[in-house]
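Chemist: I'd like to ask some things about the structure below.
The values are calculated or read from the model by the stated rules, or taken from the named source; none is laboratory data. Predicted, not measured: the structure shown is a model, and the values here were computed from it. Cβ coordinates were reconstructed from backbone atoms using ideal geometry, including for glycine residues, and neighbour counts include every protein chain displayed. Surface areas here come from the heavy atoms of the whole protein model, side chains and all, with no ligands, DNA or RNA. Shrake-Rupley method; radii C 1.70, N 1.55, O 1.52, S 1.80 Å.
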Amino acid sequence: MSRPEQVAEIFTEEPERNGVTIVSAIGKEPFDGNGCPKVTDALIDLERAVDKSDHIAIAEAQEFVLARNRQVYSMLAGRALDRVVDDAYKLMRPEARPNGFQWIGEYLSARLLAELTGALYLPSDLRFSGGVVQVGESVRAIRKQVAPFVRAGRQVVVPGFFGYDNTTGALNTLPRGGSDTSGVIYTGALLNQGLGGWINENYTDKDGVLSADPDIVPQAHVIPEMTHDEMREKMHGITERNGVVHGDAIAYAARMGVEMQVKNTFNADAAGTRITSNRCSDPDHPVIGVTGKADLVAISTYDIGMADAENYVSPILTKIGELGMSWSNIPTGEDRLKIIFNSGVTEENLLQLREYIQANTISGEKSKVTIKRDQGAVYVIGQELVDPLTYTSILGRVATQIAKAGLSMREVISHEESPSLALTVQSSEVRRVIEILHAELLEN
């Protein structure tokens, strides 16, 4: 969450436009690097400390959360601040562990921002079932809860990141970054309700979505407009510094037709990035961004006859699901199959999967199942790439520049209807390939 006085100024300067604010927990100070941790991280530490009955760590986490909120909201009158902080302390007691503690950061931010702005605090009305957010039920609940206040001209503040089970009323949280998702669902719920046009404005400490990771390409620029699909492709390889919107939020925005505007709380003059269902693009400049990720790992299978065998791949995918693994890409060839995973997979699961595949090969000693490390992927983004001629032209430029630099591609892994050109390279070469392609495709 950005500094509340700046959020309050944005929120109150155009009340007819800023009717509903969904807040996250207090984060790091902008440009703080690796300074004080986020409140949510401290609340996760609190959960671990309670589980271990570590009373010193419990007290330290509680004190940090309370002190951080007092620090950030110090401009509030003492009585209002004390009332909310005292309430938070009760929620963080060890006996409250069944509800967890991670959600308390968002709750505190919403309560305190409502006090600061004079807006109406409303509890979250996201609805869950079996731990999964239920969009239809959430939309109906939000419309019933929020729309009457908006019609009456009231400004509303709601905590993001959590909601409640439809049947049991138990508290449920979204994955980290879930306040972005909450904001999109609330925006989608209020669309087409006779309340005027609704756009999800996502305020961060960045000027917008950048054409590349600025740690790799210092001259990376803000992308003024992109589609949901382009943003989803862009997020394959983003780092935290370049990842201004949570991936699930983009997925829900695409499904619900929600337009988003990524803006910088600390730079009011920055135009930001508009993310929408459709946009007009320039065929002469088809690429809008380059991204990538390193430290991937893959299992590569060579098994003579696999291409002719029935039901060869589905048992492998079932085993991946049983192991709780999530694959990134699956390049194939005649009698060859490669499954690429993100870096979060465990060594134990990789070994189990390799053993499973090896045990079920059909060519016996001729087969070969190996774990391949030092895998990386680079993505060139732009909706014009769905055109076959444009794709072919850009692929030629990509291959030429990589070869000139003495580097190499391993596979091209794009789907023909995807607004990206994706390829695999050595993990150690990802950064250099991004630099080369950004210079070739976005700086010339």
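Chemist: Filter the range 278-337 for residues that are of a type in the set (Ser, Thr, Tyr) and surrounded by 13 or more Cβ atoms within 10 Å (Cβ to Cβ); which is nearest to residue 257 (Cα to Cα)?
Modeler: 281
Chemist: Is there a residue being within 16 Å of residue 47 (Cβ to Cβ) and open to solvent by 10 Å² or more (accessible area, probe 1.4 Å) anywhere in the range 107-115?
Modeler: yes
Chemist: Determine which member of the set 411, 443, 355 is open to solvent by 70 Å² or more (accessible area, probe 1.4 Å) and touching a residue at least 24 places away in the same chain (Cβ under 8 Å).
Modeler: One residue alone meets the criteria, 443.
Chemist: Any chance you could count how many residues in the range 162-202 are open to solvent by less than 40 Å² (accessible area, probe 1.4 Å) and either of a type in the set (S, T, N, Q) or in contact with a Pro (Cβ under 6 Å, 6 or more places away or on another chain) (or both)?
Modeler: Looking only at that region, the number is 7.
Chemist: Using beta carbons and a limit of 8 Å, which pairs, at least six apart or on different chains, have the first residue in the range 174-191 and in a loop (DSSP other than H, G, I, E, B) and the second one among the acidic types (Asp, Glu)?
Modeler: That search, which allows pairs on different chains as well, returns 174/248; 175/248; 177/248.
Chemist: Residue 102 versus (1) in a loop (DSSP other than H, G, I, E, B); (2) farther than 20 Å from residue 173 by Cα; (3) of a type outside the set (Asp, Glu): which is the lone unmet condition?
Modeler: All conditions pass for residue 102, except number (2).
Chemist: State all residues of the range 107-136 that are more than 23 Å from residue 167 (Cβ to Cβ) and under 27 Å from the mean Cα position of the chain (by Cα); if no residue qualifies, say none.
Modeler: Residues satisfying the conditions are 108, 109, 110, 111, 112, 113, 114, 121.
Chemist: From the residues in the range 140-158 that are over 11 Å from residue 186 (Cβ atoms) and of a type outside the set (A, V, I, L, M), which one is most open to solvent (accessible area, probe 1.4 Å)?
Modeler: The extreme case among them is 144.
Chemist: Identify all residues within the range 128-139 that are buried (at least 22 other Cβ atoms within 10 Å of the Cβ) and either basic (Lys, Arg) or under 25 Å from residue 153 (Cβ atoms) (or both); write none if there are none.
Modeler: The answer is 138, and nothing else.
Chemist: Here are the criteria: (1) surrounded by 14 or more Cβ atoms within 10 Å (Cβ to Cβ); (2) aliphatic (A, V, I, L, M); (3) within 17 Å of residue 315 (Cβ to Cβ). Tell me which single one residue 399 does not satisfy.
Modeler: (3)
Chemist: Checking residue 388 against (1) within 14 Å of residue 287 (Cβ to Cβ); (2) open to solvent by 70 Å² or more (accessible area, probe 1.4 Å), which test does it fail?
Modeler: (1)
Chemist: Let me ask something else about it. Consider residue 258 carefully, then state whether it is touching a Phe, Trp or Tyr at 6+ places or on another chain (Cβ under 8 Å), open to solvent by less than 20 Å² (accessible area, probe 1.4 Å), of a type in the set (Val, Ile, Thr) and in a loop (DSSP other than H, G, I, E, B).
Modeler: Yes.
Chemist: When you go through 372, 368 one by one, which is the residue that is open to solvent by 70 Å² or more (accessible area, probe 1.4 Å), over 30 Å from residue 278 (Cβ atoms), in contact with a Phe, Trp or Tyr (Cβ under 7 Å, 6 or more places away or on another chain) and not polar (S, T, N, Q)?
Modeler: 368
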